[in-house]
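What follows is a short report on a single structure.
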Amino acid sequence: MLAAPSSQPADAGADTVSAALQVLAGLSIQGRAPKTGYSRDEFGQAWSDDVDVEGGHNGCDTRNDILRRDITAPEVKPGTQGCVVLSGTLADPYSDQVIAFVRGETTSEAVQIDHVVALSNAWQTGAQQLTGAQRQDFANDPLNLQAVSGPVNDAKGDGDAATWLPPHVGYRCRYVSRQIQVKARYGLWVVPAERDAMARVLAGCGTSPATTPARAAATTGPASTGAASTGAASTGAASTGAASTAAATPAAQPPAAATPGNAYYPNCAAARAAGAAPLYRGQPGYRAQMDGDGDGIACET
């Protein structure tokens, strides 16, 4: 069997978080460029093997490379030189769910390959200035690719860290660190809200043990009819119904002066209008009723 790409960042321990903060500080901060001219075709043939990144020119398309890397005990189709993955089990890092992968016309969409930094986001934060070959590398770079739950991927859309984070709270530090690495590798910038959201996530890393997807907890029956699409490129997403099974981790709080001591906001719209959002557990103005996913951060999007 062909060796699968290995490009994933290390778990977000103290050293990794510190390094991510340093890299984030070095990224350019600019406004979002117009989406004019964007199309998937600007990033080359989907899942092309003709790229100069890890896994390129190995005779196997990128999608199957990532499935072999991220799926446990993959069954590979005979006669495909070890490329085509037929089945296996995905411990989805975004939702902390275990999903059975089965390749097929009606099952493949249950597992998709997410671009950690979405192609549309990249286009609006500097990728327009890259060459066509560089954009094709970006779209097929294992560092920027992750096998995930299809519904979760669909809900993410082309969101950045300011508008979407994985519902599995324990994976957010690693997810944001990975976005920062990708943006630094390809010379992309961050918009102000995106940069602030990344910094907030990293500020809360290491405050309590992160939960880890239960890779060993594969069920005897499919948690989903899962499987990877044989062609469609994903710009990433999170299911509106995929709730995290990880315990909510209290987020690090910003300075106490961020909101008045007697602050009360009837809803998130009022908190945003006052410039106080997001609100952190323990901070004046925070109420559990405003924290829809129970992660200790209210009005975060």
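The values are calculated or read from the model by the stated rules, or taken from the named source; none is laboratory data. It should be emphasised that the depicted structure is a prediction, and the values quoted were computed from it without experimental measurement. Don't worry about glycine lacking a Cβ; one is built from the backbone with ideal geometry, like all the others, and counts go over all protein chains shown. Just the protein is used for accessible areas: all its heavy atoms, side chains included, with ligands, DNA and RNA removed. Shrake-Rupley method; radii C 1.70, N 1.55, O 1.52, S 1.80 Å.
Looking at Gln179, Gln112 in this structure, which one is polar (S, T, N, Q) and open to solvent by 10 Å² or more (accessible area, probe 1.4 Å)? If you could, list the steps in order and put the result at the bottom.
Working: Gln179 fails: open to solvent by 10 Å² or more (accessible area, probe 1.4 Å).
Sole residue among the options that is polar (S, T, N, Q) and open to solvent by 10 Å² or more (accessible area, probe 1.4 Å): Gln112.
Kindly provide the set of residues from region 81-109 that are under 27 Å from Leu165 (Cα atoms), open to solvent by 10 Å² or more (accessible area, probe 1.4 Å) and among the hydroxyl-bearing types (Ser, Thr, Tyr), ordered by number.
Thr89, Thr107
Looking at region 26-48 only, could you name the residues that are open to solvent by 60 Å² or more (accessible area, probe 1.4 Å) and in contact with a Lys or Arg (Cβ under 7 Å, 6 or more places away or on another chain)?
Scanning region 26-48 gives Ile29, Glu42.
If you check Val51, Val23, which single one turns out to be modelled with pLDDT of 95 or more, over 21 Å from Gly150 (Cα atoms) and either surrounded by fewer than 16 Cβ atoms within 10 Å (Cβ to Cβ) or small (Gly, Ala, Ser) (or both)? Lay out the reasoning, then the answer.
On the way: Val51 fails: either surrounded by fewer than 16 Cβ atoms within 10 Å (Cβ to Cβ) or small (Gly, Ala, Ser) (or both).
Every option except Val23 fails the conditions.
Please name all residue pairs, on different chains or six or more residues apart, with Cβ atoms under 7 Å, provided the first residue is in region 86-114 and is on the phi < 0 side of the Ramachandran plot and the second residue is charged (D, E, K, R) and surrounded by fewer than 24 Cβ atoms within 10 Å (Cβ to Cβ).
Leu86/Glu75; Leu86/Lys77; Leu86/Arg103; Ser87/Glu75; Ser87/Arg103; Ala91/Arg215
Hey, among Ala10, Ala46, which residue is hydrophobic (A, V, I, L, M, F, W, C) and at pLDDT below 95? Show your work before the answer.
Values: Ala46 fails: at pLDDT below 95.
Exactly one of Ala10, Ala46 is hydrophobic (A, V, I, L, M, F, W, C) and at pLDDT below 95, namely Ala10.
Determine which single condition Arg172 fails, assuming it passes every other condition in (1) part of a helix (DSSP H, G or I); (2) surrounded by fewer than 22 Cβ atoms within 10 Å (Cβ to Cβ).
(2)
Six or more apart or on different chains, Cβ under 6 Å: which pairs go from a residue in region 36-58 that's more than 13 Å from Gln134 (Cα to Cα) to one that's open to solvent by 40 Å² or more (accessible area, probe 1.4 Å) and charged (D, E, K, R)? Could you list them?
Cβ pairs passing all conditions: Trp47/Asp61; Asp49/Asp61.
Give the number of residues within region 136-164 that are open to solvent by 10 Å² or more (accessible area, probe 1.4 Å) and acidic (Asp, Glu).
Qualifying residue count, region 136-164: 3.
Criterion first (in contact with a Leu (Cβ under 8 Å, 6 or more places away or on another chain), open to solvent by 30 Å² or more (accessible area, probe 1.4 Å) and not acidic (Asp, Glu)) does Gly187 satisfy it?
It is true that Gly187 is in contact with a Leu (Cβ under 8 Å, 6 or more places away or on another chain), open to solvent by 30 Å² or more (accessible area, probe 1.4 Å) and not acidic (Asp, Glu).
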